[in-house]
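First the structure, in the form of structure tokens, and then the observations on it.
The values are calculated or read from the model by the stated rules, or taken from the named source; none is laboratory data. Quick caveat, the model's predicted, so the values are computed rather than measured. Note that each Cβ is placed from the backbone with ideal geometry, even for glycine, and that neighbours are counted across all protein chains shown.
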Amino acid sequence: MVTISLYYWAGAKAAAGVAMERFEADTVASALQQAKEARHDQHFDRVLSASSVLIDGLVAQHVDLGLERTEPVRVEILPPFAGG
């Protein structure tokens with residue numbers, strides 16, 4: 001397992017209630033699941049589902065979320081927002 005740091009922006013930050021949190025996981029998908037399970041909040045789940053995900057600064061595709069990680073990664077959660 002590695003440290004996966006989740007950084008939330010705009011509405012995702014409001015839904016999460018924090019700007020950043022860390023999880024020990026093998027995949028980004030697993031870290032995101034841990035974030036969901038920690039909250040049990042449908043609003044957070046909806047925001048997360050609608051958000052774009054960047055992994056180490058690169059736009060992630062769905063398949064990227066399930067790739068096993070061997071080094072710590074920075075994941076940014078960017079919800080849709082007006083003007084951007």
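Some notes on this structure:
- Scanning segment 4-48 for residues that are more than 22 Å from Leu67 (Cβ to Cβ) and basic (Lys, Arg) yields a total of 3.
- Test: residue in segment 38-46 that is assigned to a loop (DSSP other than H, G, I, E, B) and modelled with pLDDT of 95 or more: no
- With respect to the stated conditions, His43 fails to be exposed (fewer than 12 other Cβ atoms within 10 Å of the Cβ), under 13 Å from the mean Cα position of the chain (by Cα) and not hydroxyl-bearing (Ser, Thr, Tyr).
- Residue count, segment 4-33 (criterion: in contact with a strand residue (DSSP E or B) (Cβ under 9 Å, 6 or more places away or on another chain), surrounded by 17 or more Cβ atoms within 10 Å (Cβ to Cβ) and part of a helix (DSSP H, G or I)): 7
- In this structure, Thr27 does not qualify as β-branched (Val, Ile, Thr) and more than 12 Å from the chain's Cα centre (by Cα).
- Some residue of segment 16-29 being within 14 Å of Arg74 (Cα to Cα), of a type in the set (Asp, Glu), modelled with pLDDT of 95 or more and in contact with a Lys or Arg (Cβ under 8 Å, 6 or more places away or on another chain): yes
- Checked against (1) touching a residue at least 12 places away in the same chain (Cβ under 8 Å); (2) of a type in the set (S, T, N, Q); (3) part of a helix (DSSP H, G or I), Ser49 passes all but condition (1).
- Qualifying residue in segment 53-69 (condition: among the aliphatic types (A, V, I, L, M), part of a helix (DSSP H, G or I) and free of Cβ contacts under 8 Å to residues at least 40 places away in the same chain): yes
- Filter result for Arg22 (under 12 Å from Val2 (Cβ atoms) and in contact (Cβ under 8 Å) with a residue 60 or more places away in the chain): no
- Any hit, segment 49-70, residues being basic (Lys, Arg), modelled with pLDDT of 95 or more and in contact with a strand residue (DSSP E or B) (Cβ under 9 Å, 6 or more places away or on another chain): yes
- In this structure, Ala10 does satisfy being among the small types (Gly, Ala, Ser) and touching a Phe, Trp or Tyr at 6+ places or on another chain (Cβ under 7 Å).
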